[in-house]
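These notes concern the structure reproduced below.
The values are calculated or read from the model by the stated rules, or taken from the named source; none is laboratory data. Since the model is a prediction, treat every value here as computed from it, not as a measurement. Glycine gets a Cβ as well: all are built from the backbone with ideal geometry, and neighbour counts include every protein chain shown. These area figures cover heavy atoms from the full protein model, side chains too; ligands, DNA and RNA do not enter into them. Shrake-Rupley method; radii C 1.70, N 1.55, O 1.52, S 1.80 Å.
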Amino acid sequence: MAEPRYRRPAMLDMEMADQIEGDIDPADRALIAHETAAAIVGQARESGDPELVGRLVRLVDEEGIDTVAMLWSRADAHTLPGALWRIYMIREWVKHDAEMVARSYHHGVQAAHVRHAIAGVEDPPGPDEVRSLADSVLSGVFSGDLAVALERAGAFCRVVATGAAFEAQSDEGHADARAHRTTMRAAQLLRTGEDLEKCAAMWREDRLD
């Protein structure tokens, strides 16, 4: 099946986006989110430039999470900007908490081995491996099959969620506060995984915009 072509909207460059006031009309904010997401993804995929893809992968490193949050954090989960926001946040989380993420991923692999195969984290899954996966997934958004990149991100979240749920269960009765936090994290990761997998299906149906 051929990969759907993304409809190109009007362009909005990053310099213009940086000057947008924080308190703007919700309709305008939604329009900006969709246009910037489509423009950035569309330009990267059409250019096929590895250097451009690399800069986009490092966008948060160079511009800060606030820039990405301003553009896409309020977008609906089942949209292109909503998917981009979630994938950038996954990368940021993995970058800062790689050891914890790797531990939860390791605990989740046996119970979610199919999702592990989809995610594509190298064995054994340590901090370097989960960081590499986060970069690889984000790179795949801007080159290659975008639906596959979204599916990999969703599967990754599900495996980590499974491991976190196991950890929470192990903590019950002697570390209840930590168990509660870990349970909440697992639930959030599961929702994120489901959202990204739905976005992958919508992209294949040419309905993700």
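What residue, among those in the range 66-91 that are part of a helix (DSSP H, G or I) and of a type in the set (Gly, Ala, Ser), is modelled with the lowest pLDDT?
Only one residue fits best here, namely Ala69.
Quick check on Ile118: is it in contact (Cβ under 8 Å) with a residue 60 or more places away in the chain, in contact with a helix residue (DSSP H, G or I) (Cβ under 9 Å, 6 or more places away or on another chain), of a type in the set (A, V, I, L, M) and open to solvent by 10 Å² or more (accessible area, probe 1.4 Å)?
Considered against the rule, which asks whether it is in contact (Cβ under 8 Å) with a residue 60 or more places away in the chain, in contact with a helix residue (DSSP H, G or I) (Cβ under 9 Å, 6 or more places away or on another chain), of a type in the set (A, V, I, L, M) and open to solvent by 10 Å² or more (accessible area, probe 1.4 Å), Ile118 comes out as no.
So, in the range 64-104, exactly how many residues are loosely packed, with under 14 Cβ neighbours inside 10 Å and either within 29 Å of Pro26 (Cα to Cα) or of a type in the set (A, V, I, L, M, F, W, C) (or both)?
Of the residues in that region, 3 qualify.
Could you give every pair whose Cβ atoms fall below 9 Å, whose first residue belongs to the range 88-108 and is more than 23 Å from Ala77 (Cα to Cα), and whose second residue is open to solvent by 70 Å² or more (accessible area, probe 1.4 Å) and part of a helix (DSSP H, G or I), counting only separations of at least 6 or pairs across chains?
Ala98/Asp128; Ala98/Arg131; Ala102/Asp128; Ala102/Arg131; Ser104/Phe166; His107/Phe166; Gly108/Arg115; Gly108/Phe166
As an exercise: evaluate Ser47 against (1) open to solvent by 10 Å² or more (accessible area, probe 1.4 Å); (2) within 22 Å of Glu194 (Cα to Cα); (3) modelled with pLDDT under 95 and give the number of the one condition it does not meet.
Of everything listed in (1) open to solvent by 10 Å² or more (accessible area, probe 1.4 Å); (2) within 22 Å of Glu194 (Cα to Cα); (3) modelled with pLDDT under 95, Ser47 misses just condition (2).
Just to verify a result, which residue in the range 165-200, among those that are hydrophobic (A, V, I, L, M, F, W, C) and in contact with a His (Cβ under 8 Å, 6 or more places away or on another chain), is nearest to Gly108 (Cα to Cα)?
Per the stated criteria, the residue is Phe166.
Exactly one of these conditions fails for Asp61: (1) open to solvent by less than 50 Å² (accessible area, probe 1.4 Å); (2) in a helix (DSSP H, G or I). Give me its number.
Only one criterion is unmet by Asp61, namely (1).
Regarding the range 93-114, can at least one residue be identified that is within 16 Å of Thr192 (Cα to Cα), at pLDDT 95 or above and touching a Lys or Arg at 6+ places or on another chain (Cβ under 7 Å)?
yes
The rows are residues; the columns are (1) open to solvent by 60 Å² or more (accessible area, probe 1.4 Å); (2) out of contact with any helix residue (DSSP H, G or I) (no Cβ under 9 Å at 6 or more places or on another chain); (3) over 17 Å from Val53 (Cα atoms); (4) in contact (Cβ under 8 Å) with a residue 40 or more places away in the chain.
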{"residue": "Pro127", "(1), (2), (3), (4)": "no, no, yes, no"}
{"residue": "Ser132", "(1), (2), (3), (4)": "yes, yes, no, no"}
{"residue": "Val137", "(1), (2), (3), (4)": "no, no, no, yes"}
{"residue": "Gly140", "(1), (2), (3), (4)": "no, no, no, no"}
{"residue": "Arg178", "(1), (2), (3), (4)": "yes, no, yes, no"}
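Out of (1) of a type in the set (S, T, N, Q); (2) more than 18 Å from the chain's Cα centre (by Cα); (3) under 19 Å from Glu92 (Cβ atoms), what's the single condition that is false for Thr182?
(3)
Considering only residues that are among the charged types (D, E, K, R) and either open to solvent by 50 Å² or more (accessible area, probe 1.4 Å) or outside any helix (DSSP H, G or I) (or both), which ones fall in the range 159-176?
Glu172, Asp176
Please tell me if His107 is open to solvent by 60 Å² or more (accessible area, probe 1.4 Å), on the phi < 0 side of the Ramachandran plot, in a helix (DSSP H, G or I) and touching a Ser or Thr at 6+ places or on another chain (Cβ under 8 Å).
yes
Which one of Thr182, Thr162, Thr192 is of a type in the set (Val, Ile, Thr) and farther than 28 Å from Thr79 by Cβ?
None of the other options fit; the residue is Thr182.
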